[in-house]
Amino acid sequence: MPATLLLAFAAACTENASGAKPGWTTCADPANDDGHCDLQRKDVHQRTVVPSQAIGGSASAVHDVVDESRFAATASDVAAVTDVLDEAGYEDHVVRLARDSDPTAIGSLIYAVKVGDVCVLGDVTPADRSHEWFAGVLPDGSCLVP
């Protein structure tokens, strides 16, 4: 998917970008939401706000790198995504199968890459649905608890 389209459609759930803590979130496509938006709503309130102008080409490029291959929610694909991100030069990343505290369905393959103050996240659920979104960092400065 081209980066310009990705920026328009990357988030299933968006937040206000006033620079203050988000007070509300909106599901961008409620008719096709598979429950992912609710998981993002629970997660976004513990993160810093990322104004839309902070999401640049370098953040969008992460999704382009991962999207070049087809992955599923398996342990072997966790290793494959890790390799792809390492080979692309992304050092600050976490890739694993999701737990109940993550902003995706349990058992999904989830990745989080820190690019500046932006967290670039993506997942593939056990039902083979994928999501890509941007978020702020967690209070400890990370994108995803390892």
Taking the stretch 109-123, which residues are assigned to a loop (DSSP other than H, G, I, E, B) and either within 12 Å of the chain's Cα centre (by Cα) or at positive phi (or both)?
Gly116
So which residues in the stretch 124-142 are of a type outside the set (D, E, K, R) and within 9 Å of the chain's Cα centre (by Cα)?
His131, Trp133, Phe134, Ala135
Sort out which residues of the stretch 31-87 are charged (D, E, K, R) and surrounded by 17 or more Cβ atoms within 10 Å (Cβ to Cβ), and write them in order of number.
Arg41, Asp43, Arg47, Asp77
Given the condition of a type in the set (Ser, Thr, Tyr), under 16 Å from the mean Cα position of the chain (by Cα), at pLDDT below 90 and part of a strand (DSSP E or B), answer yes or no: does some residue in the stretch 2-21 qualify?
yes
Within the stretch 49-73, how many residues turn out to be outside any helix (DSSP H, G or I) and more than 19 Å from Pro146 (Cβ to Cβ)?
10
Criterion violated by Ala135 - all others in (1) under 28 Å from Pro51 (Cβ atoms); (2) of a type in the set (A, V, I, L, M); (3) surrounded by 21 or more Cβ atoms within 10 Å (Cβ to Cβ); (4) at pLDDT 95 or above satisfied
(4)
Scan of the stretch 70-80 for residues that are under 16 Å from the mean Cα position of the chain (by Cα) and at pLDDT below 95, ordered by number:
Phe71, Ala72, Ala73
Could you please tell me which pairs satisfy a Cβ distance under 6 Å, a separation of 6+ or placement on different chains, a first residue in the stretch 61-73 that is over 20 Å from Ala105 (Cα atoms), and a second residue that is β-branched (Val, Ile, Thr) and crowded, with 22+ Cβ neighbours inside 10 Å?
Val62/Val113; Val62/Val120
Looking only at the stretch 39-65, filter to residues that are touching a Phe, Trp or Tyr at 6+ places or on another chain (Cβ under 7 Å) and at pLDDT below 90; which one of those is nearest to Ala112 (Cα to Cα)?
Ala59
Mind checking which residues of the stretch 117-132 are out of contact with any Asp or Glu (no Cβ under 7 Å at 6 or more places or on another chain), modelled with pLDDT under 90 and under 16 Å from Ala59 (Cβ atoms)?
Asp117, Glu132
Any residue at all in the stretch 110-119 that is of a type in the set (Asp, Glu) and under 17 Å from Ala79 (Cα atoms)?
no
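The values are calculated or read from the model by the stated rules, or taken from the named source; none is laboratory data. These numbers come from a predicted model, not from an experiment. FYI the Cβ positions are ideal-geometry reconstructions off the backbone, even for glycines, and counts take in every protein chain you see.
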